[in-house]
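What follows is a short report on a single structure.
The values are calculated or read from the model by the stated rules, or taken from the named source; none is laboratory data. No experiment lies behind these values; they were computed from the predicted model shown. Heads up, the Cβs are rebuilt from the backbone with ideal geometry, glycines too, and the neighbour counts pull from every protein chain shown. Accessible surface areas use protein heavy atoms only, side chains included; no ligands, DNA or RNA. Shrake-Rupley method; radii C 1.70, N 1.55, O 1.52, S 1.80 Å.
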Amino acid sequence: MLSCFDFVRDVNLLSITVRMVLAVLCGGMIGIEREFKRRPAGFRTHILICLGAAMTTLTSQYLYLNMGMYTDVARLGAQVIAGVGFIGAGTIIVTKHQRVKGLTTAAGLWTAAIIGLVCGAGYVECAIFATLMVLMAELVLIRFEYRYAMKADDVHLYIEYTDANVIEDIVRVIRDKHLSMKELEITRVAGDNDTMRYCAIIAVRVSRKQLDEEVINSLNAVENVTNVEEL
């Protein structure tokens, strides 16, 4: 514990003001990074959550020290940690390509709430260090993740074609792209003028360093392929 912050640990007007200002600063620093990336929860949302959590801890201390209500001072804080999950869930969405987005923002909101509790408790060192660690994870480590991570996703492609033999060319294109084909389902559908058309659903594993558009464009270029979509 740093002795220079001992005055913040007392319960008086100055320490309460410093704790609440610290919560606004910590929440704002985390939120402004989300704001720049156009995420659902941005600058003001993080400030309000962090400040509200700080007020929760301050209220618990006030009830215990000033009102003489001998109760569990951590009870209100525990409700914040559990309850903020409902707010974070609102930032998580599933795109039309079955990709999940918003998990980092939801985790950031949950962390901002805990930092707010720390600020309200007067634990200045922990609040500042935790805020810096969150910013490092969101600004620095994300570059490492995108550059070196080889996480693969299963992508389902819906392909329509008019000649049954085209499936061999489709499979060849997928193999040329060094993709791992997981599933293959072919359906034959009656078309106009007694013609037949074919539909294939292929599950392939695509790494982050491969562009889905590149694979789709290559399949669209195959002769007799009429439509390629990602499900």
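If you check I93, I49, I87 for being in contact with a strand residue (DSSP E or B) (Cβ under 6 Å, 6 or more places away or on another chain) and hydrophobic (A, V, I, L, M, F, W, C), only one passes: I93.
Restricting the first member to the range 173-184 and to residues that are within 13 Å of L219 (Cβ to Cβ) and modelled with pLDDT under 85, and the second to residues that are among the small types (G, A, S) and not in a helix (DSSP H, G or I), the beta-carbon pairs closer than 8 Å and six or more apart or on different chains are M181/A203.
Taking Q79, is it assigned to a helix (DSSP H, G or I) and open to solvent by 70 Å² or more (accessible area, probe 1.4 Å)? For Q79, the condition - assigned to a helix (DSSP H, G or I) and open to solvent by 70 Å² or more (accessible area, probe 1.4 Å) - is met.
Being open to solvent by less than 30 Å² (accessible area, probe 1.4 Å), of a type in the set (V, I, T) and part of a helix (DSSP H, G or I) narrows it down to one of V84, V24, so name that one.
When all the criteria are applied, what remains is V84.
Among all residue pairs at least 6 apart or on different chains, which show Cβ distances below 6 Å where the first residue, located in the range 18-47, is in contact (Cβ under 8 Å) with a residue 12 or more places away in the chain and under 30 Å from C4 (Cα atoms) and the second is of a type in the set (S, T, Y) and part of a helix (DSSP H, G or I)? Within 6 Å, the pairs are C26/T131; M29/T131. Pairs are defined by a Cβ separation below 9 Å, a sequence spacing of at least 6 or placement on different chains, a first member in the range 50-76 that is among the polar types (S, T, N, Q), and a second member that is open to solvent by 90 Å² or more (accessible area, probe 1.4 Å); the pairs so defined are T56/Q79; S60/R75; T71/Y64. From the list E145, E138, the lone residue that is acidic (D, E), at pLDDT below 90 and surrounded by fewer than 15 Cβ atoms within 10 Å (Cβ to Cβ) is E145.
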